[in-house]
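Below is one structure, written out as structure tokens, with a few remarks after it.
The values are calculated or read from the model by the stated rules, or taken from the named source; none is laboratory data. A quick note: this is a predicted structure, and the numbers were derived from the prediction, not measured. Because the Cβ atoms are built from the backbone with ideal geometry, glycine has one as well, and the counts that use them run over all protein chains shown.
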Amino acid sequence: MARAFNFSAGPSVLPDEVLKQAQAELLDWRSSGMSVMEMSHRGKEFMSIAEEFKADLIELMAIPDNYKVLFLQGGATGQFSFIPQNILRGKTKACYVNTGAWSTKAIKAAKNYCDVILSASAESSNFTDIPNVSDWVLDQDAAYLHYTSNETIQGVEFQEIPETKGIPLVCDMSSNILSRPVDVSRYGIIYAGTQKNMGPSGIAVVIVRDDLIGEVDKSLPEIFDYQKQANNDSMLNTPATYNWYLVGLVMKWLKAQGGIAAIEKQNIAQATKLYQAIEISDLYSNPVDKAYRSRMNIPFVLKDNTLDKAFLAGADKNALIGLKGHRLVGGMRASIYNAMTDTGVDALIDFMVEFEKTS
Ligand SMILES: *Cc1c(COP(=O)(O)O)cnc(C)c1O
């Protein structure tokens, strides 16, 4: 069977090259006589894999020296709680911006640990835009301000880094990390689950400015303590070693594509094409304000939702999979992460045009 074009929101498409390399190295990694899955995480072979991944990520994102780069478990969802537990630093409040389903979840978790100040919310537009940053409530006593740079479900993406007037900025970058250049020095924390743009699930990447960590309550389990994990190369316990290796391969692949600047060009071209196809059709529409449309997750609805089933069945026949929209917004969603090929996007657009003609 040939590989389908996978538009799933996460876990999501991986580059063929990466999967083939993993396959080639599955039984015997670089003449070590063992699979990466079988290696001690403290052995020299795995340590070299771990170090290379970290170095590649630092290079790709140009992460400054005063940041710790951690590879943790518990997903991005775990960080919704670990962030207030780690960086409140004796403060009692934190600012949150609500731009969709993932911000909503982060806010709910944070309320267990601090007073949440809702700096801004797009709920009244049903999460189809982003409130003007100049109107945000910025409480100078807040320990940090949290936002979600790309709302994976609603398909809303920040096009610029918000200005917080000195409040440390914390960003859930799960679904658009490494898709465009970002100035890491503007952030207190960037975090992401790996299963969208970085590889398979199983690891949460946390990039944290070192002055924000080290002051935590003793009740916090040490594997969730950013400072202790930083002191132990993120290996206080056995990490998800094989997933770590795979995300490392994805970093090598990304470097071979020309890095983030090159992949951003591809992402812009693919998203532009797909939004145009939606715009010019009478059948498909996307409700998001043009200024905030996501390059990664493109939701669209059919004018007549009784056609949804036929659309998905036809897509499946054309090897276009993972297109069913999230139940919160309905319709369809095409997730076109870094590893999605131009061929895949073209095949989707061709199918959409054909389906509109014949339905
Ligand atoms: C997928 C996703 C999450 C949840 O990630 P888990 O690793 O499943 O916890 C959180 N935030 C955003 C923006 C996501 O896209």
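Key figures
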item	result
Output for segment 181-206, where each listed residue is away from the ligand (no atom under 15 Å from the Cβ) and charged (D, E, K, R)	Asp183, Arg186
Complete set of residues in segment 107-161 that are out of contact with any Ser or Thr (no Cβ under 7 Å at 6 or more places or on another chain), touching a residue at least 60 places away in the same chain (Cβ under 8 Å) and among the aliphatic types (A, V, I, L, M)	Ile153
Criterion violated by Val137 - all others in (1) over 27 Å from Gly330 (Cβ atoms); (2) within 16 Å of the ligand (Cβ to nearest atom); (3) part of a loop (DSSP other than H, G, I, E, B); (4) among the hydrophobic types (A, V, I, L, M, F, W, C) satisfied	(2)
Pairs where the first residue, in segment 268-290, is closer than 16 Å to Phe355 by Cα and the second is of a type in the set (Phe, Trp, Tyr), C-beta under 8 Å, 6+ apart	Ala277/Tyr284; Ile278/Tyr284; Ile278/Phe300; Leu283/Phe355; Tyr284/Phe300; Ser285/Phe300
Qualifying helices (runs of 4 or more DSSP H) (wholly inside segment 214-324; at least 3 residues being in the same structural domain as Leu348 (by TED's automatic domain parsing), of a type in the set (S, T, N, Q) and more than 30 Å from Gln23 (Cα to Cα))	none
Residue in segment 280-290 that is more than 15 Å from the ligand (Cβ to nearest atom) and closer than 26 Å to Leu60 by Cα present	no
Residue, nearest to the ligand (Cβ to nearest atom), within segment 85-113, restricted to residues that are assigned to a loop (DSSP other than H, G, I, E, B) and either more than 19 Å from Gln227 (Cβ to Cβ) or among the small types (Gly, Ala, Ser) (or both)	Gly100
Qualifying residues in segment 174-213 (those that are acidic (Asp, Glu) and not in a loop (DSSP other than H, G, I, E, B)) - the one surrounded by the fewest Cβ atoms within 10 Å (Cβ to Cβ)	Asp211
Members of segment 56-78 found to be within 16 Å of the ligand (Cβ to nearest atom) and under 26 Å from Gln257 (Cα atoms), listed by number	Leu70, Phe71
Hits in segment 331-359 - residues which are exposed (fewer than 15 other Cβ atoms within 10 Å of the Cβ), within 21 Å of Lys196 (Cβ to Cβ) and not β-branched (Val, Ile, Thr)	Asp342
From Phe46, Phe82, Phe71, Phe53, residue being assigned to a strand (DSSP E or B) and surrounded by 13 or more Cβ atoms within 10 Å (Cβ to Cβ)	Phe71
Selection from segment 149-161 of residues that are away from the ligand (no atom under 16 Å from the Cβ) and in contact with a strand residue (DSSP E or B) (Cβ under 7 Å, 6 or more places away or on another chain)	none
